[in-house]
1. Which order do peptides 332-339, 737-744, 387-394 fall in by mean Cβ count within 10 Å, highest first?
2. Treating the beta-carbon of each Lys and Arg as +1 and of each Asp and Glu as -1, no other charges, what is the dipole magnitude of the chain about its Cα centre, to the nearest 20 debye?
3. So for the stretch 5-77, considering every pair of alpha-carbon atoms, how many percent are separated by more than 15 Å?
4. What is the sum of charges, Lys and Arg at +1 and Asp and Glu at -1, for the other residues whose Cβ falls under 11 Å from the Cβ of residue 175?
5. Need the list of lysines near residue 278 for cross-linking: C-alpha distance under 16 angstrom, and skip anything on the same chain fewer than eight residues off.
6. What lysines does residue 567 reach when the alpha-carbon gap must be under 24 Å and sequence neighbours fewer than 8 apart in one chain are set aside?
7. For the peptides 658-666, 79-87, 473-481, what is the packing order when you average, over each peptide's residues, the other Cβ atoms within 10 Å and list the highest mean first?
8. Per residue of the stretch 488-504, in order, report the coupling 6.51 cos²θ - 1.76 cosθ + 1.60 (Karplus, θ = phi - 60°) as ³J(HN,Hα) in whole Hz, putting x for Gly and Pro.
Amino acid sequence: MQKRGRISVRGIVQGVGFRPFVYARACEYGIAGSIKNLGSEVEIFARGDQFETFLAAVSRGPPMSRIDSVDVTETTADIPDGFVILKSGTGSFSGMIPPDIAICDDCISDIFTPGGRYEGYWATSCVNCGPRYSIIKEVPYDRERTSMDTFPMCRACAEEYGDPDSRRHHAQTIACHACGPSLRLMDRTGADVPCGDPIREAAALLDAGKILAIRGVGGFHLACIEESSGELKARLGRIEQPFAVMVRPGVIDRIARVSNAERELLKSPVHPIVVLEKRDHSSHSTISNLHTIGCMLPYTGLHHLLFSHLSHPLLIMTSANMPGYPMITDTEVALAKLARDADYFLVHNRTITNRVDDSVVRDGYILRLSRGIAPKRTAIDLGPYCILGVGPELNANATIYKNGFAVTSPHVGNVRNPATLEYLQETVAKLSRLLGARYELVAHDLHPQFLSTRFAKEIAAEQRLELVPVQHHRAHIAATTTEPCIGIAIDGVGYGDDGTVWGGEIFAGQVPDLARVAHLEPVAMPGGDLATRFPERMLYGILQDEKCLALLADRGWSDVELGVIKKQVAGKFNVTMTSSTGRVLDAASALLGCCRERTYDGEPAMKLEAVAAGGAAEVWEPVFSNAGGCEILSTRALLKTALSQFSQTPPSDKNAVRNIAASIQYNLSRGIAALAIHAAENDDISLVALSGGVVANRAIRETIRSEITRAGLTLIINDAYPPGDGCVSFGQCVWAGSLAKTGETGIHHR
């Protein structure tokens, strides 16, 4: 006897080839019925002898789908013979459009198959790959609600779209030479460059040393060969900043050491930039003067075609926007803003609806949450309220929680300027519309002057919502675990409860009740933010002695400059106090001459890490004290030991400098771990959560892990979100939801 039923499948079921997958299974198992996309769910009416087998297959879904629930109910609806894909309707908005997906091997094969329909076509894709979030306007996900709506399918594409045996069956991005988006090659004035093949000509220009602005999936990159990297850095004014490279697959092992896990990640549907250790730390120094280099493989048809004509093994491929600013997506804007930086522009005419930067991963931890990973959807129970987390100031994104799921946007940038604030506002509006979100709580950073805080207050005022301020480092821990824990938050900056700058914090308790129980020694930041730009100021803020002044004098500081900073610190004029781990690393970098002026975010600490990578650490005894109910690790004692050793080291002894750098990192890490271990013993807690931007430093992270594990404790780091500030908006939602569960918010408790 045939079984019949209505099957409702919820989750990420659009933009992943779900409908053609179900159609194929229905044909395979002799099932009659229909499937309809309703937004974040699909509705299936089915009948047949193999109903249960069909149901099991549907419940697994295609590879890119994420199934939340499968509900089967009886139905008396008429189900005619055959199986059809019905026109989409409107339903729930609990799911999400998947991130953009790197081109699959089958489509790459199509591009390079002589005589095929897709031979040489740059925008080739199928149900398993191609743009998704970057082109979506509204849900349900259908061609007419994406930026592909301006490219009507030709007859051949329409036939393939309707062919159940094709992997482009109902592929919303299907396109070819005859009907799809096209390319143009322009000079910096916007004039077309006469050529038969824009990609071949672009490759020739790159081989000749020219710099090109290339419009990709989520925005513009600036590209050039290695020999032109110095010129590109000069044009951008980023002489010291390392660039990422796009590499031929067969070349990457000659450049860097690649583990099996890293190789799989490079080739995954995400195709992120993976930060790898160079085989020779001093190699490719014009690209990166660190011991690491960010590498990615070609992830679009355009990239593969470009490399097929290119004679060089790699291309610098860096985002064309200024650091911290939004990706440039519009061709006219690119021509206006990049005319001095790029010689030529390779562009397409498909609208980028949502800008998306490249994701960055190191050692399996996400450093930038973006293309291929975000929008990121996480199942978590934060209660009944819809919550918006607007994020921090730096490396920001936004998170919306609704009905058991938190959705985090792609990387937004540094919300320190009107352009990035506007992008944050656009991102929140777009995600809210796609999710059908109506907020009840708005969580934001504790810092009263952040633009993101101002944005949160404006939303709350307009919609009469409750605001939930969340201290920066507690948000870090909340993003890591809601279990009772000792939380270690180590980063550059975060507004503390006492109005000072925190960043080396130990907490004890359970979200939303985390008590600060230990921290790094509060030290002076002479000139506030000026001390982050010129880390020698930070060095004096910590040491404040004659030996430090003598070192600065040897470095060229005038008597007037030395007198001013001495009086400034003594009089506490324009001096901020900080317990930041990042500022200690900055000071150490300045001490050893690794970096005297910061020209990009994280530069002093990254250069210190690069020097330390070749060194051998020795044990220095940490110095602890107690004040205000907290245990404190002395960073002044740490750097005094380092200065003592450095002052006895000949400038030519590079190995000794490497050893001192390694010792600073090692002993700072041991001291931080000791604070956490002491707190765990005092509070009888065995779980330790580690978060913060400094976690990206392998030596520091692994030393802390080793010390914590040796003490018999369990260390956790959230590898699903960045350990840096890219996790904060998610942590803000977790904190607000947890607080609401306790009834401690002003909102009526459900």
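The values are calculated or read from the model by the stated rules, or taken from the named source; none is laboratory data. Not measured: the values here are computed from a predicted model. Cβ placement follows ideal geometry from the backbone for every residue including glycine, while neighbour counts extend to all protein chains displayed. Accessible surface is based on the protein model in full, side chains and every heavy atom, while ligands, DNA and RNA are left aside. Shrake-Rupley method; radii C 1.70, N 1.55, O 1.52, S 1.80 Å.
1. Working: 332-339: 16.0, 737-744: 18.0, 387-394: 29.0.
Per-residue mean Cβ counts within 10 Å order the peptides as 387-394, 737-744, 332-339.
2. Numbers: 75 positive and 84 negative charges, 106 e Å.
That gives the chain a dipole magnitude of about 520 debye.
3. 45
4. Working: positive: 117, 143, 168, 350; negative: 160.
Within the 11 Å Cβ shell, the charges total +3.
5. Straight-distance partners of residue 278: 607.
6. The qualifying lysines are 547, 640.
7. Numbers: 658-666: 23.6, 79-87: 13.9, 473-481: 29.4.
Packing proxy ranking, top to bottom: 473-481, 658-666, 79-87.
8. 10, 10, 10, 7, x, 7, x, 6, x, 4, 8, x, 8, 8, 9, x, x
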